[in-house]
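Okay, structure first, notes after.
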Amino acid sequence: MSSFKRLADAGDLTGKTALVRVDFNVPMENGLVTDDTRLRAAIDTVQTLRTQGAKVALLAHFGRPKGERVADMSLAPIAGAFAKVLGSNVSFIADCKGEHVKQAIADLDPAGVILLENTRFYAGEEKGDPELAKEIAALGDIYVNDAFSAAHRKHVSTAVLATLLPGYAGVNMEAELDALDKALGTPERPVLAVVGGAKVSSKIDLLKNLVTQVDSLAIGGGMANTFLAAQGISVGKSLCEHDLAETAREIMQVAEENNCNILLPVDVVVAKDFKAHAENRTCATDQVADDEMILDAGVKTVAQLVAAMGNSKTLVWNGPLGAFELTPFDKATVAAAQAAGIRASDGKLIAVAGGGDTVAALNHAEAADEFTFVSTAGGAFLEWMEGKPLPGVEALKA
């Protein structure tokens, strides 16, 4: 991943226009942005380009309009919200192609910023239509992708434009790719992966890839129940995909062939009801009663995981270890995340996390800020963990 083109490679941009793909798919309520995290994330790239003398034309999607103009999916309200966090004027035009858009960009002051309309208002966007790509490419001189969250899509604005214009990674994309390279590309070993969550079925490709890449793999959450059941252990009425027992055994076999040590829970917290503050107990994994369900990992399992962290140089984390939304079944996730955060902040561990409920879980544990890098990319992060090429990244390779 280190061989991609960066903004530092772009040279003199004075008088040029940069088409910048950003992630402005922000939460909104009554026409107002309720969380401006993604808007603030775009500031560094935009300011870097402006400092180098470029005009900035922002490309983004919002919602799923499916190729139609949907009024409440317009990016118009976001222009004002971004102007507020940027601290300077941001123009808006209700289109993302055509001579009128080109003229609006030409009319911008030097280093001006304009937000173009939702790229998904055109059906060709999600189809990677080359004709639409040519029309949009005609608006600028260079292309910058700063939306890793959409890098797994081969859309016009996420991948195809980089085949028509000189393409570079934005500041955020660069940081994300560098962090991911440190995690699985060229990591410091030993590497420990922690994968939690509800279902094995949603992470089969991820697990199959990881056991060939890492030195140890800790499996938690409902996923662990399927692996325990595959070994003949009764998990009571726990969430468990019994039909994937053979798949679980295959993954364990591949792990053994690749010298990857799989860590499964050795003790668990069980309850008869799936609700907060449900009466519960901690027991060994082979002592779960038929009317009980596993809702969290036990203290011995957490200790095992923390010890594994102590023997590792790199940690890749995806998914919670239990039903962390329900007190007190958040204890294992919180304890393990805080332990990882301490080691990372002490410089003893490169800790990279992302995907699914991971960000929420780490924020709940108040450990996210201590990690080396936390990705909010979701699907793109998971596909990267699965070892799949990401079109938006492939297009930027040097």
- Message: I want to confirm something. Restricting to region 98-117 and keeping residues that are open to solvent by 50 Å² or more (accessible area, probe 1.4 Å) and in contact (Cβ under 8 Å) with a residue 24 or more places away in the chain, which single residue is farthest from Lys134 (Cα to Cα)?
- Response: Pro110
- Item | Odd one out for Ala351 among (1) buried (at least 17 other Cβ atoms within 10 Å of the Cβ); (2) over 17 Å from Ala198 (Cβ atoms); (3) over 20 Å from the mean Cα position of the chain (by Cα) | (3)
- Kindly provide the set of residues from region 374-397 that are closer than 12 Å to Gly167 by Cβ and touching a helix residue (DSSP H, G or I) at 6+ places or on another chain (Cβ under 8 Å), ordered by number. Gly392, Val393, Ala395, Leu396
- Item | Members of region 34-61 found to be outside any helix (DSSP H, G or I), more than 20 Å from Glu135 (Cβ to Cβ) and touching a Phe, Trp or Tyr at 6+ places or on another chain (Cβ under 9 Å), listed by number | Asp36, Ala42
- Task: Return the pairs, sorted by first residue and then second, in which the second residue is β-branched (Val, Ile, Thr) and in a helix (DSSP H, G or I), the first residue lies in region 292-312 and is over 14 Å from Arg343 (Cβ atoms), the beta carbons are less than 6 Å apart, and the residues are 6+ apart or on different chains.
- Result: none
- Query: From the set of residues in region 183-201 that are at pLDDT 95 or above and outside any loop (DSSP other than H, G, I, E, B), which is surrounded by the fewest Cβ atoms within 10 Å (Cβ to Cβ)?
  - Reply: Val191
- Identify all residues within region 8-39 that are modelled with pLDDT of 95 or more, open to solvent by 10 Å² or more (accessible area, probe 1.4 Å) and touching a helix residue (DSSP H, G or I) at 6+ places or on another chain (Cβ under 6 Å); write none if there are none. Thr17, Asp23
- Message: Quick check on this structure: which one of Glu135, Glu131, Glu125 is over 12 Å from Arg21 (Cα atoms), open to solvent by less than 10 Å² (accessible area, probe 1.4 Å) and part of a helix (DSSP H, G or I)?
- Response: Glu125
- Query: Of everything in region 254-302 that's buried (at least 21 other Cβ atoms within 10 Å of the Cβ) and among the β-branched types (Val, Ile, Thr), which residue is farthest from Val334 (Cα to Cα)?
  - Reply: Val288
- Message: Being assigned to a strand (DSSP E or B) and either at pLDDT below 95 or open to solvent by 10 Å² or more (accessible area, probe 1.4 Å) (or both) is the filter here; which residues of region 143-171 pass it?
- Response: Tyr168
- Task: Give the residues of region 204-225 that are crowded, with 24+ Cβ neighbours inside 10 Å and closer than 18 Å to Ala323 by Cα, sorted by residue number.
- Result: Ala218, Ile219, Gly220, Gly221, Met223, Ala224, Asn225
- Message: Residues that are hydrophobic (A, V, I, L, M, F, W, C), in a helix (DSSP H, G or I), open to solvent by less than 50 Å² (accessible area, probe 1.4 Å) and at pLDDT below 95: does region 70-87 have at least one?
- Response: no
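The values are calculated or read from the model by the stated rules, or taken from the named source; none is laboratory data. Just so it is clear, the structure is predicted and the values come from calculations on it, not from any experiment. Positions of Cβ are backbone-derived with ideal geometry, glycine not excepted, and every protein chain shown enters the neighbour counts. SASA here: full protein model, heavy atoms, side chains in, ligands and nucleic acids out. Shrake-Rupley method; radii C 1.70, N 1.55, O 1.52, S 1.80 Å.
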